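Written out below as structure tokens is the structure these notes cover.
The values are calculated or read from the model by the stated rules, or taken from the named source; none is laboratory data. Since the structure is predicted, the reported quantities are computational estimates derived from the model, not experimental observations. Cβ sites come from the backbone with ideal geometry, for glycine too, and all protein chains shown count toward neighbours. Just so you know, the surface numbers come from the protein's heavy atoms only, side chains and all, with ligands and any DNA or RNA stripped out. Shrake-Rupley method; radii C 1.70, N 1.55, O 1.52, S 1.80 Å.
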Amino acid sequence: MKKFVMAALGGTLAGVIATTQIAGPLVAQENTQQTNVYEQLDLFGDIFERIRAQYVEEVDEKDLIEAAINGMLTSLDPHSGYLSPDDAADMRVQTRGEFGGLGIEVTQEEGFVKVVSPIDGTPASDAGVEAGDFITHVDGETLLGLTLDEAVELMRGPVGSETLITVVREGEPEPFEISIIRDTIKLTAVRTRTEGNTVVLRVTTFNDQTFPNLKDGLEKAADDLGGMDNVNGIVLDLRNNPGGLLTQAIRVSDAFLNSGEIVSTRGRNAAEGERFNATEGDLSNGKPIVVLINGGSASASEIVAGALQDHRRAIVVGTKSFGKGSVQTVMPLRGNGAMRLTTSRYYTPSGRSIQNLGVSPDIIVEQPRRNPEAEGEEEEARQNRTEADLRGSLSNDSLSEDEIKQIEDERAAAEEAAKLREDDYQLAYAVDLLKGLMALGPKN
């Protein structure tokens, strides 16, 4: 018994020693990390004081601090950033569906402002600005070296005033200028029309007006056709839709689904993930749906396309979407500012993340270029830049190498089928139609 007690005691002492040997370095490492952080903060303070005292011109201290904050956020990914009080106010106005400006959804790429999408019916759209354009100058002032917020500020101004933007466009040999008259941008989130007995719902953005506009537009169009029974199908046009509110993407998806998951979000902590499910009630009474997407379809529009595609509720037609599969949370800060922080990734009902991959259409249909003279070998070699090309974009960690290869193989097969139109359009159409009917069939 004495030997047993001594053995147990020896084990306890060994455990204490082992714990001490392991925990000691961990505590030391943590203390070292904290010391490094404080040293870096001291370094920041030193640089701040040097700039205030010795920079060639007097600087605004508030601007310096805001620039430092924004630099910290923008270093994380392309969609995080700092919103000044004015920018935060503008964002709140925009989500309500009305704001002042040119009507361009933009991002920043390699120091230049890239147009994600011009908003339908706005001065920018009317002036001929296209998705994928790079804006290099505003009124002769270069945007290189400016933050996205600074570049956007240059494009703002009084309603009725003129601005001259310099644009670089793929397929054009030289930069060219576009004159735009600033205006108050009043968004009609959904425009409705009929083509024969087909209802076309053109969704331009996802703000507080999107679902009400869609519901009212669909009901009116159905009434004009003599009732929903006379509607042969719905086209949900999400092309060049840059996204917007997650809540509205969920409501639009729910409008055509009776049950099942619409989207899930997963953040840094697994416990904070959320799932959003459809409720009973289909506004279209089960009518066939075709969703149109292209490289300008991003974020919320990809949620809708992915949800309807995964539930086999719609055929997705067009070209691969932008591939923005992250969710940004706007957090109010003291002084009426705010920060836009990427807090989670979203996943379609089948559990796939489209981050950097985009939504692949069931049927690939390229939109002909506006300028036929631009077609040729150079045009065929043109590749649209996507979320995956943005500096610092989040990686897609939800798929294995085999799953990614399968997606790429399926996309290559669809692209090969699309080439058939050049040789035999009617045959290609028949193949595409069969594929579309299969997409709407029951799940295996």
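Okay, here's what the table says:
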| read-out | value |
| --- | --- |
| Among (1) assigned to a strand (DSSP E or B); (2) at pLDDT below 90; (3) closer than 30 Å to GLY81 by Cα - the single one VAL290 does not satisfy | (3) |
| Selected residue (only one of ASP87, ASP149, ASP126 is out of contact with any helix residue (DSSP H, G or I) (no Cβ under 9 Å at 6 or more places or on another chain) and either open to solvent by 50 Å² or more (accessible area, probe 1.4 Å) or outside any strand (DSSP E or B) (or both)) | ASP126 |
| Residue among GLU105, GLU174 that is more than 20 Å from ASP389 (Cα to Cα) and either touching a Ser or Thr at 6+ places or on another chain (Cβ under 9 Å) or loosely packed, with under 13 Cβ neighbours inside 10 Å (or both) | GLU174 |
| The one condition in (1) in a helix (DSSP H, G or I); (2) open to solvent by 10 Å² or more (accessible area, probe 1.4 Å) that GLY295 fails to fulfil | (1) |
| Test: residue in segment 49-57 that is open to solvent by 70 Å² or more (accessible area, probe 1.4 Å) and in contact with a helix residue (DSSP H, G or I) (Cβ under 7 Å, 6 or more places away or on another chain) | yes |
| Residues satisfying the stated conditions in segment 329-342, i.e. under 18 Å from GLU274 (Cα atoms) and at pLDDT 90 or above | LEU341, THR342 |
| Looking only at segment 395-410, and only at residues there that are in a loop (DSSP other than H, G, I, E, B) and out of contact with any Gly (no Cβ under 8 Å at 6 or more places or on another chain), the one that is most open to solvent (accessible area, probe 1.4 Å) | ASP397 |
| Residue count for segment 133-144, restricted to those that are at pLDDT below 90 and surrounded by 16 or more Cβ atoms within 10 Å (Cβ to Cβ) | 1 |
| Qualifying residue in segment 344-357 (condition: among the aliphatic types (A, V, I, L, M) and over 17 Å from ILE407 (Cα atoms)) | no |
| Leading residue by the ranking (nearest to THR204 (Cα to Cα)) among those in segment 268-292 that are hydrophobic (A, V, I, L, M, F, W, C) and open to solvent by 10 Å² or more (accessible area, probe 1.4 Å) | LEU292 |
